[in-house]
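The next block holds one structure in the form of structure tokens; read it before the comments.
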Amino acid sequence: MPEHYFSKKPQSKHSPKRWNYQLRGKEYQFITDAGVFSKDRVDYGSCLLIGQFDEPDAEGNILDLGCGYGPMGISLANEYPNRHVILADVNERAICLAQKNANINQVFNIEVIQSDRLSNLTNLSFAAIVTNPPIRAGKQIVHKMFEEAYEALTYQGALWVVIQKKQGAPSAKKKIESLFGEVKTVAKSKGYYLFRAIKV
């Protein structure tokens, strides 16, 4: 099977890069590497979610599920310093980079955990879960992420999902609706859909 950014142990040769990027009006520095998602820039879908995210009404932690090298979780942790933000990914290289990037940007209300979906987070609950899901992992895995996210959210907790229309946004919305009952399309831009669903 070819290696993907959702591989647990990437075997591709290291090729680290360091660059700056502005998110929510603040400058960040990121280290990236081969074997992780969108290593040359923060991808458009993640930028859309970061820019549109609203703090949930519910009390509690925020989870960046499938965090990659950490731009979503780090920027949201910096924006909401009173929230504890957990960054989780199956990819060992991504997890290492996410921790480095949190330190570089001096964002310390963060915990980085290696986890296949939410398998290592079963004792935790969240006020918000954000995800730019690994579409190439397949619909079955992505939909399982939604199911596990629903179970992990507190009452009034919010799931935020960004996904391209051509990569399954309609079926993703239908799956989320089956769990939450209602899904709001927060934004549509350049083929990307941003969904938010509240657990009630």
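The values are calculated or read from the model by the stated rules, or taken from the named source; none is laboratory data. Since the model is a prediction, treat every value here as computed from it, not as a measurement. Here Cβ is always computed from backbone atoms with ideal geometry, including for glycine, and neighbour counts include all displayed protein chains.
Of all residues in region 99-133, exactly one satisfies the criterion of being at pLDDT 95 or above and acidic (Asp, Glu), namely Glu111.
I'd like the residue in region 117-133 that is over 13 Å from Gly73 (Cβ atoms) and in contact with a strand residue (DSSP E or B) (Cβ under 9 Å, 6 or more places away or on another chain) and, out of all such residues, is surrounded by the fewest Cβ atoms within 10 Å (Cβ to Cβ). Going through the qualifying residues, I end up with Asn120. Considering region 76-92, the residues that are surrounded by fewer than 24 Cβ atoms within 10 Å (Cβ to Cβ) and at pLDDT below 95 include one that is farthest from the chain's Cα centre (by Cα), namely Glu92.
As a summary of the residue check, Trp19 satisfies the conditions (1) part of a loop (DSSP other than H, G, I, E, B); (2) touching a Lys or Arg at 6+ places or on another chain (Cβ under 8 Å) except for the one numbered (1).
Annotation: of all residues in region 162-179 being free of Cβ contacts under 8 Å to residues at least 60 places away in the same chain and surrounded by 15 or more Cβ atoms within 10 Å (Cβ to Cβ), the one that is farthest from Leu194 (Cα to Cα) is Leu179.
Yes/no matrix, rows are residues, columns are (1) modelled with pLDDT of 95 or more; (2) over 21 Å from Asp89 (Cα atoms); (3) of a type in the set (Ser, Thr, Tyr):
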residue: Ala34; (1), (2), (3): no, no, no
residue: Phe37; (1), (2), (3): no, no, no
residue: Val42; (1), (2), (3): no, no, no
residue: Ser46; (1), (2), (3): yes, no, yes
residue: Leu49; (1), (2), (3): yes, no, no
residue: Gln52; (1), (2), (3): yes, yes, no
residue: Ala58; (1), (2), (3): yes, yes, no
residue: Ile62; (1), (2), (3): yes, no, no
residue: Cys67; (1), (2), (3): yes, no, no
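Within region 174-185, the presence of at least one residue that is assigned to a helix (DSSP H, G or I), in contact with a His (Cβ under 8 Å, 6 or more places away or on another chain), modelled with pLDDT of 95 or more and not aromatic (Phe, Trp, Tyr) is confirmed. Given the residues Ala58, Ala137, Ala102, which is the only one that is small (Gly, Ala, Ser), within 20 Å of Lys39 (Cα to Cα), surrounded by fewer than 21 Cβ atoms within 10 Å (Cβ to Cβ) and more than 14 Å from the chain's Cα centre (by Cα)? Testing whether each residue is small (Gly, Ala, Ser), within 20 Å of Lys39 (Cα to Cα), surrounded by fewer than 21 Cβ atoms within 10 Å (Cβ to Cβ) and more than 14 Å from the chain's Cα centre (by Cα) leaves just Ala137.
Residue-level check: of (1) under 14 Å from the mean Cα position of the chain (by Cα); (2) of a type outside the set (A, V, I, L, M, F, W, C); (3) within 17 Å of Ile31 (Cα to Cα), Glu111 misses just (3). Screening the candidates Ile62, Ile50 for the property of being in contact with a Leu (Cβ under 8 Å, 6 or more places away or on another chain) and closer than 21 Å to Tyr155 by Cα yields one hit, Ile62.
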